[in-house]
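Here the structure is laid out as structure tokens; the discussion comes afterwards.
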Amino acid sequence: MEALQPVRGTRDIIGEDQRRHAHVVGTSRATASLYGFDEWSTPIFEDTRVFARTLGDTSDVVTKEMYTFADRGGDSLTLRPENTAGICRALVTNGLTQALPQKVFYAGPMFRYERPQKGRYRQFHQIGAELVGSAEPLADAEIMALGWDILNTLGIAGDVVLELNTLGSDADRTIYRAELVRYFQDRSPQLSEDSLRRLGSNPLRILDSKDEDDRKVIADAPTIGSCLSDASKDFYAAVQDKLGRLGVPFVENPRIVRGLDYYSHTAFEFVTRRLGAQGTVMAGGRYDGLVAEMGGPPTPAVGWAAGIERLSMLLDDTPPAPRPIAVVPLGEAAEAAALDILQALRRAGLRSEVAYRGNFKRRLERANRIGARAAVILGDDELARGVARVKDLVTGTQTEVRLAELAESLGR
Ligand code: ATP
Ligand code: MG
């Protein structure tokens, strides 16, 4: 029979891949906890409106990338392409808009119908952090400091630069939008079809285009600086000041706009040169309008998401596979006693395995094959004396250890 293949753009995460993946999640989870963030898990599919309403009708994600389907009851559902909208939906659903701020960490799969390539998949995984309920610049700075600390703890901060921008207030962007429309209209013959369409609906989005010809026009486009109100400038300056105090280095990049519609003021990306075109590993910003669009009260918020696959690719080392202890019985009485010893070792917190079948030689071979660090060899005569032979499989030395002291001796 024909062997079935995984769906294009999806992959199995096994062995080294899984250890890298788990290391990224575990490290991020622990660091987020240090900053007072709690983990939430929300469904991987939602009412399509959760995303359609909030991500913006002109975003790539909504127009081209969503996995949307009618379920058997006829409801339109969507596999989550990102998790900020879901977290805001959950905040409202669970009545937490009166219990602010909420500091949320998450990790899990996301789904986008994109052209698969290195660092870009149709099912990929993100970690993310959302700080909901604070309009203070310190919140923006703290959320970026958390991101920076995670990269540091993973040992990859040296390859990554934090690029920072402001998108100003809604009023600032209205002025800026008009400037952009004037600029791009004069150059419309050079723009891609997508960008021409956005010129009418959402000209800021053009700045995020990856089309090469677009990029040339974008290079000289006006930046938002001259459109910012004094209040917006003060806010931006305060964010930078707090970042400095929290020890987070950054560079300003006035080109950063982010791909989704809901951002205002702070926008940022952690970028690396080591992943080619897929250089953005972590990205986010302030999204003060999103909770209200989800049917909650106006609620300020700021957050980021990072691609676990891209972070994993940047790790210098793969966390080593855990090395178990192999219990190797030799003789009939030993077969039975091995199970007691196995369970005692596990209860003591030691990863321990026994081969299910085979003679002594085969079982010792298997111990080596699974990378065991020690073999506990149980012969009938040793058992009678209340001892086992412990063979250190790294050095090859053998010692006799009393059964009662086995766990302690192996735990060191
Ligand atoms: P890109 O510009 O690479 O398409 P994006 O702006 O669509 O990214 P976000 O929606 O901000 O990305 O998601 C945050 C992070 O999630 C990205 O910086 C990236 O690390 C990761 N990411 C996004 N899409 C994918 C994907 N299809 N495959 C793997 N990782 C992804
Ligand atoms: Mg994208």
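Observations on the structure shown:
- Pairs with Cβ under 6 Å, 6+ apart, first in the range 21-47 and over 21 Å from residue 86 (Cα atoms) and among the polar types (S, T, N, Q), second modelled with pLDDT of 95 or more and in a helix (DSSP H, G or I): 27/153; 31/149; 31/150; 31/153
- Number of positions in the range 171-200 that are in contact with an Asp or Glu (Cβ under 8 Å, 6 or more places away or on another chain), among the polar types (S, T, N, Q) and without any contact (Cβ under 8 Å) to a residue 24 or more places away in the chain: 2
- Residue within the range 224-243 that is touching a helix residue (DSSP H, G or I) at 6+ places or on another chain (Cβ under 9 Å), within 25 Å of residue 314 (Cβ to Cβ) and away from ligand 2 (no atom under 16 Å from the Cβ) present: yes
Per-residue answers, yes or no, for (1) in the same structural domain as residue 258 (by TED's automatic domain parsing); (2) in a helix (DSSP H, G or I); (3) crowded, with 24+ Cβ neighbours inside 10 Å; (4) free of Cβ contacts under 8 Å to residues at least 24 places away in the same chain:
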site	(1), (2), (3), (4)
91	yes, yes, yes, no
103	yes, no, no, no
113	yes, no, no, no
127	yes, no, yes, no
131	yes, no, yes, no
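- Note on the range 273-297: among residues that are at pLDDT 90 or above and within 16 Å of ligand 2 (Cβ to nearest atom), the one that is farthest from residue 82 (Cα to Cα) is 279.
- Test result for residue 116, within 16 Å of ligand 2 (Cβ to nearest atom) and under 14 Å from the mean Cα position of the chain (by Cα): no
- Tally, over the range 145-170, of residues that are in contact (Cβ under 8 Å) with a residue 12 or more places away in the chain and either hydrophobic (A, V, I, L, M, F, W, C) or on the phi > 0 side of the Ramachandran plot (or both): 14
- Residues that are touching a Lys or Arg at 6+ places or on another chain (Cβ under 8 Å) and either on the phi < 0 side of the Ramachandran plot or polar (S, T, N, Q) (or both), drawn from the range 1-16: 7, 8, 10
- Note on the range 147-166: residues that are part of a helix (DSSP H, G or I) and buried (at least 23 other Cβ atoms within 10 Å of the Cβ) total 3.
- Matching entry among 84, 78, 97 (being buried (at least 19 other Cβ atoms within 10 Å of the Cβ), farther than 23 Å from residue 257 by Cα and within 16 Å of ligand 1 (Cβ to nearest atom)): 78
- Residue satisfying all of: in the range 66-96; out of contact with any Ser or Thr (no Cβ under 6 Å at 6 or more places or on another chain) and among the hydroxyl-bearing types (Ser, Thr, Tyr); nearest to residue 289 (Cα to Cα) among these: 84
- Among (1) in a helix (DSSP H, G or I); (2) among the acidic types (Asp, Glu); (3) within 15 Å of ligand 2 (Cβ to nearest atom), the one test that residue 140 misses: (3)
- Wholly within the range 272-375, helices (runs of 4 or more DSSP H) carrying at least 1 residues that are away from ligand 1 (no atom under 14 Å from the Cβ) and not aliphatic (A, V, I, L, M): 290-293, 332-347, 360-369
The values are calculated or read from the model by the stated rules, or taken from the named source; none is laboratory data. Keep in mind the model is a prediction, meaning the values are calculated, not measured. Cβ coordinates were reconstructed from backbone atoms using ideal geometry, including for glycine residues, and neighbour counts include every protein chain displayed.
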